[in-house]
Each structure stands twice: as C-alpha cells, then as structure tokens.
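The values are calculated or read from the model by the stated rules, or taken from the named source; none is laboratory data. Keep in mind it's a predicted model, so treat the numbers as computed, not measured. Because the Cβ atoms are built from the backbone with ideal geometry, glycine has one as well, and the counts that use them run over all protein chains shown.
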Amino acid sequence: MGARLWRFVEIMKYMERTILSNFFKQPPKELGLFSVTEADANVKAPTKGYSLKDIIGDGYLLAVPKFRRTIEKRLKRKYGSPEYVWKMIVPKNNIKVCQECGHHHECGRLCENCYTKIETETKLIKDKIVEKLGGSPIDKEVVVLYENETPEQPKEFWKGKRIIEMKKERPSWFSKNLLQKSTQEPSDSKDVKPTDLA
Amino acid sequence: MNQAEVSKLVSKLRIKIPNEPRKLRNIKGPEGRLDKLRKTVTGLFKYERIELNYSRGDEARQYAERLISEAIRHGDCHKPTMEAANYWLLEKELIHKLFKVLVPRFQDCNTAYTSIINAPRAINTRSTEKVVLELKGNPYPPLVNKQMNNKLLIQNVLLDAAKYDYRQSKYREMAEKIGITDEIKPTTNKDENRTNQIQLNDNKLTEN
C-alpha cells in the first residue's frame, strides 16, 4: 500500500515538473541554481545594520585577490630570477663548430649531428650482437665485420674472438684508416671516354 | 705501525670518487637506489654503451669501475669478488663476460675502464643532462675522434704546409720592405702640393 502511494506521489511530481512547468513557460526547477530573492520595491532598505548578506542573499562570493601583488613579485613572474630560473632570452657564448661535420654544438658536449649518426649505427650493432649471442654465457670478445671486409690480421688474432657480421657496407666515417677507403674496390668499368672534343 | 695500508685493502680507482654517495630519489629509499644502480651496471656490462641521466650514470660508473678492478685484482677464485659480481650483475651470463672478456681486456690498462661523455642537449629545452656511459674498447664507432689532433692526418699535413708557405711569403715581403725604406723616403702628396703653391707665389711676386 505504502509503495503504491509513494509511486503515485512520484508520478504527480513528474507531472508537475514536466507538463505544468512547460504549460506556464517556466524553466524546470533543476536549473534554478541561484534563488536570489528580489527586494520588494515598496519595502525601504534598512538604513542601519547594513551587511554583505543584503547584497548577495542566498548566493555566494567567488575567491578574488585581496591585496595588490608587489612590484618585485610581478617582475619576478615576468622575467624570472637570474639565480634560479631566468626567463629572458640570453645569447649563448659556448657554441662551437664541429671539427667533423661543421654543425654547431655546445662546448663540452657531443655534436648532435655526429652523435645521431653514431647512435643509429651503434643500435644496429647492439641489436645484432644481442641477436647473435642471445642468453648464452659471453666468454669471447666481439669483433664487428662489415660486408666485403677481409680480415687482415693473422690467425692468432682471431683466436678467442667472436665475429659479428653486419649485412651492409662499413660507413665511410667509421673507417679505421681515413686516408684510404677500404670498402670500395677499384671500378672495373670499361666505358671509353670520347676524345678530341672541342 | 700494525695498521694495514688502506690502498692495499681497497683497489684504487682511476676516477674521481666523491666523499659521499649520491642520493638518488627513490620510493623504496636506499634499497631502491641500489636496485636502480644494479640495473644500470648490468646494462652497461651487457651493451657496453648506454645513454642515461648524468647523476645515475656517474653513480653507476663508480660501482662498475670498482667491480672490474676487483675482478682484475682477485680473479674468479676469490669468494667476496664472486659474490659482488653475483650481486651487481642481474643477468648471470655477464659474470662470465666480466672474468673472461673484460678482465683480459683491461689487465694492462693504465687509465679508467669506463668513459663518460656529455650527450647533446636538445635545443630550447630545460631537460636533464644526459651522458653516454661506455666501457672502453667496445666494438662501436668512436664517439670522440681524436685523430683531429693527429699530426699525420692528411688535413693537418696540408694545413701545416699552407701555414709554412704563408709565413715564408710574409717574411720575404718584410725583407724587401726593409731594403726600400733605407734607400729613399717617398714624398707624400701633401708635400708636393705645398711646394707647388710656393712656386706659384714666387711667380706672382716676380710679376709684381
């Protein structure tokens, strides 16, 4: 019985909310977040005992700054502090030209251009070594050989060494002897160049 | 003095060791710090070249150096050394590498066994400082090319020759100049004008 009565009350409430409010062109009560009581025009404002509550009524105030920020704080926000975080654009005086590639880099650091080149090559070799050795106990020194490279060392040199072969040519910058390109063989093309031109 | 020499008890490393261990921030505290360093040392021994933050790299380097130097001093039949290797190397196949590969490699080494080099910092960022930590004698391409200072590098030979030629030509010029200044002093344009004016004035005077 009680449950049925409750259901009836609920339905009535719903009817009031949807149908009646729509009929009288009033917004649904859910949207009424603020219910500011309008002061009656006839009623005079009280002359004394004036308080903030008379203005805001049932509403509330948002947090706002109470005091003015000092000039020091404002400037520090803007420009930072030279000892800690200095926000101004300052020219760097420690830039050098790389001896290898000619790119600029910071003094005392590696050249970014050269380093990325070395890093990619290192990663290739690393992956190859890990793939070859796997989880087996490592008991031999690793020697990396590129394609078309003939080991020049005597047989005793290779004893107790693990050869890892890279399936590509040795990069020109990773050459042991910079005076001579070891990977490129002399060309055997038999193209005949024209003579007696002009 | 009955006291043992400290240098004979602990191996002297070739790198600068700070007085106190660096505090690496970790949730687990000192234990977590050591875990982190063990991982790093293991990675260094496995890959021989790794890139990481400066503080962690510098700290791990000290432990790696100590481990290698202990292994060289005592060999693989020394129980405490073996225990240290077991503790620091998480992948056990690397213990073989330490005693069979790295000890022969660094036996006659006079310098530090590892090197630490500052990696490039990304432009316009406030990122943490990265370093490249590597074992010496690795098979990878060298990070720093020291051939730039090699006197016999072809570029250096050519530059030296060019410098020599330039200097010689300058000396020759200077020698020629010295000979000219002794013989005659050339008159300047100002002096010539003045003499012309005086001559003109003389002519006017004679006319009057």
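Structure values in brief
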{"read-out": "Residue within segment B:127-135 that is surrounded by fewer than 12 Cβ atoms within 10 Å (Cβ to Cβ), among the hydroxyl-bearing types (Ser, Thr, Tyr), at pLDDT 85 or above and over 25 Å from residue A:170 (Cα atoms) present", "value": "no"}
{"read-out": "Subset of segment B:112-153 that is in a loop (DSSP other than H, G, I, E, B) and among the basic types (Lys, Arg) - its residue that is nearest to the other protein chains (Cβ to nearest Cβ)", "value": "B:121"}
{"read-out": "Residues (over 29 Å from the mean Cα position of the chain (by Cα) and facing chain B (nearest Cβ under 7 Å)) located in segment A:117-137", "value": "A:135, A:136, A:137"}
{"read-out": "The listed residue being away from chain A (no Cβ under 14 Å), more than 30 Å from residue A:91 (Cα to Cα), charged (D, E, K, R) and surrounded by 19 or more Cβ atoms within 10 Å (Cβ to Cβ), out of B:83, B:59", "value": "B:59"}
{"read-out": "Given (1) more than 23 Å from residue B:53 (Cα to Cα); (2) modelled with pLDDT under 90, number of the condition residue B:144 does not satisfy", "value": "(1)"}
{"read-out": "Answer residue from segment A:81-99, given it is assigned to a loop (DSSP other than H, G, I, E, B) and of a type in the set (D, E, K, R) and is farthest from the other protein chains (Cβ to nearest Cβ) among those", "value": "A:83"}
{"read-out": "Top-ranked residue in segment A:138-174 [being without any contact (Cβ under 8 Å) to a residue 12 or more places away in the chain and within 13 Å of chain B (Cβ to nearest Cβ); ranked as farthest from the chain's Cα centre (by Cα)]", "value": "A:159"}
{"read-out": "Residue pairs meeting the criteria (Cβ under 7 Å; at least 6 apart or on separate chains; first touching a residue at least 12 places away in the same chain (Cβ under 8 Å), in segment B:91-108; second charged (D, E, K, R))", "value": "B:91/B:46; B:94/B:46; B:99/B:76; B:105/A:141"}
{"read-out": "Residue list for segment A:100-116, restricted to those being farther than 22 Å from residue B:153 by Cβ and at the interface with another protein chain (Cβ under 8 Å from one of its Cβ atoms)", "value": "A:106, A:108, A:109, A:112"}
{"read-out": "Residue match in segment B:9-22 (condition: among the charged types (D, E, K, R), modelled with pLDDT of 95 or more and not in a helix (DSSP H, G or I))", "value": "no"}
{"read-out": "Residue count, segment A:104-139 (criterion: exposed (fewer than 12 other Cβ atoms within 10 Å of the Cβ) and assigned to a loop (DSSP other than H, G, I, E, B))", "value": "5"}
